[in-house]
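The values are calculated or read from the model by the stated rules, or taken from the named source; none is laboratory data. Fair warning: this is a prediction, and the values are worked out from it, not measured in the lab. Neighbour counts are summed over all protein chains in view; Cβ atoms, including those assigned to glycine, are modelled from backbone coordinates with ideal geometry.
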């Protein structure tokens, strides 16, 4: 009985240390790098899962594996929100946090919709993702500093 008590004491003593390890995280990539290499590609995969032209769905997931990839990309988009809220990447405590959380919530909704293989719900969540991203871009990106993409010419 005494060994169980000692084991419980050791576990309780170690658990607070695990929670504190988060404080040592240091941002490495820039916000722009995260946007270009993670946010944009995974958001595009979510948008592509529920695209229509002239009222007709084009593309989109067809197999169970396709739906799993849509779900995985939506979850990665939600997870990326944590990176955007880390350290010096967080622009402020108000709009940046609110808009990032909105993106994360919408991405989580898209993941749930993909798990349910619900194209309409993926579309609705994708609309909310787009709105969160657009609102953030309007507030935080100075158009004079944006470099055009090579394919924009």
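Scanning the range 68-102 for residues that are in contact (Cβ under 8 Å) with a residue 60 or more places away in the chain and not in a loop (DSSP other than H, G, I, E, B) gives 87, 88, 89.
When only residues in the range 7-39 that are loosely packed, with under 12 Cβ neighbours inside 10 Å and either in contact with a helix residue (DSSP H, G or I) (Cβ under 9 Å, 6 or more places away or on another chain) or within 26 Å of residue 124 (Cβ to Cβ) (or both) count, which is modelled with the highest pLDDT? Only one residue fits best here, namely 30. Candidates are the residues of the range 85-106 that are under 18 Å from residue 25 (Cβ atoms) and within 9 Å of the chain's Cα centre (by Cα); the one that is surrounded by the most Cβ atoms within 10 Å (Cβ to Cβ) is 100. In the range 25-67, how many are assigned to a helix (DSSP H, G or I) and over 13 Å from residue 110 (Cβ atoms)? Count: 14. Taking the listed residues 131, 93, the one that is at pLDDT 95 or above, more than 21 Å from residue 68 (Cα to Cα) and out of contact with any helix residue (DSSP H, G or I) (no Cβ under 7 Å at 6 or more places or on another chain) is 131, with no other qualifying. Kindly indicate whether any position in the range 57-80 is surrounded by fewer than 16 Cβ atoms within 10 Å (Cβ to Cβ) and within 16 Å of residue 31 (Cα to Cα). Yes, the conditions are met somewhere in the range 57-80.
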